[in-house]
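Single-structure report; data block below.
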Amino acid sequence: MCECCHRTKKRSDEEYKSLINRLSRIEGQIRGIKGMVERDAYCPDILVQASAVGAALNAFSKELLASHIRTCVADDIRDGKDETIDELVATLQKMMK
């Protein structure tokens, strides 16, 4: 396996709590949508909730990406690890598909 597959990041308590809280809210939204489908809710109502989940996931990704750039990427560049820039570009390309 490649070295990148084993990389980890120690997050601050504040960052950890923020990310976990966002994911917990998203998980609740998903369960709500599942319940709507199970109750035969009207399609547009479900679609509005699905759109809200998409927006919440985008907000999560933006927060995580900003943190990654400020910490991991910045630290690696300071340490002369320019390959991190290529990794960031590849990640952004995957996110924008």
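The values are calculated or read from the model by the stated rules, or taken from the named source; none is laboratory data. Predicted model, so just to flag it, every value in this text is computed and none were measured. So basically every Cβ, Gly included, is an ideal-geometry build from the backbone, and we count neighbours across all protein chains shown.
In this structure, is Ala56 exposed (fewer than 13 other Cβ atoms within 10 Å of the Cβ), at pLDDT 95 or above and not charged (D, E, K, R)?
no
Kindly list, by first and then second residue, each pair from a residue in region 72-86 that is in contact (Cβ under 8 Å) with a residue 60 or more places away in the chain and surrounded by 10 or more Cβ atoms within 10 Å (Cβ to Cβ) to a residue that is part of a helix (DSSP H, G or I) and of a type in the set (S, T, N, Q), limited to pairs with Cβ atoms under 8 Å and residues at least 6 apart or on different chains.
What qualifies is Cys72/Thr84.
For region 39-97, which fully contained helices (runs of 4 or more DSSP H) count at least 3 residues that are small (Gly, Ala, Ser) and more than 12 Å from the chain's Cα centre (by Cα)?
In region 39-97, 43-68 are the helices (runs of 4 or more DSSP H) which contain 3 or more residues that are small (Gly, Ala, Ser) and more than 12 Å from the chain's Cα centre (by Cα).
Return the pairs, sorted by first residue and then second, in which the second residue is outside any helix (DSSP H, G or I) and basic (Lys, Arg), the first residue lies in region 2-26 and is modelled with pLDDT of 95 or more, the beta carbons are less than 9 Å apart, and the residues are 6+ apart or on different chains.
Matching pairs, first to second residue: Leu19/Arg11.
A quick yes/no check of all residues on (1) out of contact with any helix residue (DSSP H, G or I) (no Cβ under 6 Å at 6 or more places or on another chain); (2) over 21 Å from Asn21 (Cβ atoms):
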position: Ala59; (1), (2): yes, no
position: Thr71; (1), (2): yes, no
position: Ala74; (1), (2): yes, yes
position: Asp79; (1), (2): yes, yes
position: Thr84; (1), (2): no, yes
position: Gln93; (1), (2): yes, yes
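Just the residues that are under 13 Å from Leu65 (Cα atoms) and among the hydroxyl-bearing types (Ser, Thr, Tyr), please, taken from region 75-97.
Answer for region 75-97, where residues must be under 13 Å from Leu65 (Cα atoms) and among the hydroxyl-bearing types (Ser, Thr, Tyr): just Thr91.
Please tell me if Ala41 is touching a residue at least 12 places away in the same chain (Cβ under 8 Å), surrounded by 11 or more Cβ atoms within 10 Å (Cβ to Cβ) and farther than 22 Å from Asp86 by Cα.
no
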